[in-house]
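In what follows, a single structure is set out as structure tokens and then discussed.
All of the numbers you see were taken from the coordinates with simple rules; none came from a lab. Being a predicted model, the structure only gives us computed values, none of them experimental. In this analysis, Cβ positions are derived from the backbone assuming ideal geometry, glycine residues included, and neighbour counts consider all displayed protein chains.
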Amino acid sequence: MKKKKLRGSLSLLLGTTIWGFAFIAQSVGMDMIGPFTFQAVRCTLAVLFLIPCAFVMDIGKCDFRESMAKWKNPQLWKVGFLCGCALFVAASLQQIGLVSTDAGKAGFITAMYIVLVPILGLFLGRKPPKAAVFSVILAVVGLYLLSCMGASGINKGDLFLMGCALAFAVQINCIDRLAGNLDGLRLNCIQSLVVAVLSVPFMALTETVVIADILACWGPLCFAGILSMGVAYSLQIIGQKDLEPTAASLIMSLESVFAALGGWLILHETMTGWELFGCCLVFAAVILSQLPEGFWKRIVGKR
């Protein structure tokens, strides 16, 4: 059991690190190509990466025919489609939001999904811990300071990213409730395929596709496609299987820390004092929302 928890924790920690720095790749990519073009190519690269990976992981476990048969599982495609739809909404809003929002700031706003996960759990028959109510209030205050007190104020990107946080919360709940014992690589491959297919018509209708621009953006696309979409989302599915949702969400909340760190180190982004304080409040809300209720009882009991 301890080995499983350690494996799950390390899987999510590695995936979260990749996600945090992927904000940089996505932000840089937005300077070259449109958000839906970026997303379609990114997810196509993930699919092309994950298909051979799934077969490679089966070497020594089953023959090629049995490996092929695993793709025929109807439950795998059903869950992959649902997760893919939620991920398409989340990733689309995130890509659009990054056009007008700094990478570090976007990471903190996106981290609001950790606060929303237990709230959505109410609709699934799960009662969130009492600390979630306080966390929502704290996060709202933090978001106000982060988005309204700085020189940039509230912009369209912030609003898109708030919607992105809600969609990610739905995707996380889908993985937690439906993934079960499904193959993580194949599940991620299918959800990536769904995102890619849904992105194409929006790309064709709203953006001008220039092959030269896509080729010029190969670095950010490969990082966001192979590492973020292909590796990190697979690690999310694998990690959530070995951990309680509270522990898993807490580790994933570190995504915002790595995003801010990446924005500072790589893009040389700066934040005002109010924005930094708002980030601290949002991060505190993220952590408090996931602390088990027994923790608070023990604290009160000791006093």
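Rg and Dmax over the alpha-carbon atoms of the stretch 171-231 stand at 14.6, 42 Å. Which distance in Å, rounded to a whole number, links the C-alpha centroids of the stretch 72-91 and the stretch 211-242? The stretch 72-91 and the stretch 211-242 have Cα centres spaced 17 Å from each other. Applying both filters, DSSP loop and at most 14 other Cβ atoms within 10 Å, to the trypsin sites (Lys or Arg not before Pro) of the stretch 2-90 gives LYS61. Does the stretch 20-126 classify as rounded, prolate or oblate by the C-alpha gyration tensor (a ≥ b ≥ c root eigenvalues; a/c under 1.5 gives rounded; else a/b over b/c gives prolate, otherwise oblate)? Cα axes put the stretch 20-126 in the oblate bin. Taking other C-beta atoms within 10 angstrom as a stand-in for reagent exposure, LEU122, LEU178 fall in the order LEU122, LEU178, fewest first. The label-point distance for ALA216 and GLN75, in a model that sets each label 7 Å from Cα toward Cβ, rounds to 4.9 nm.
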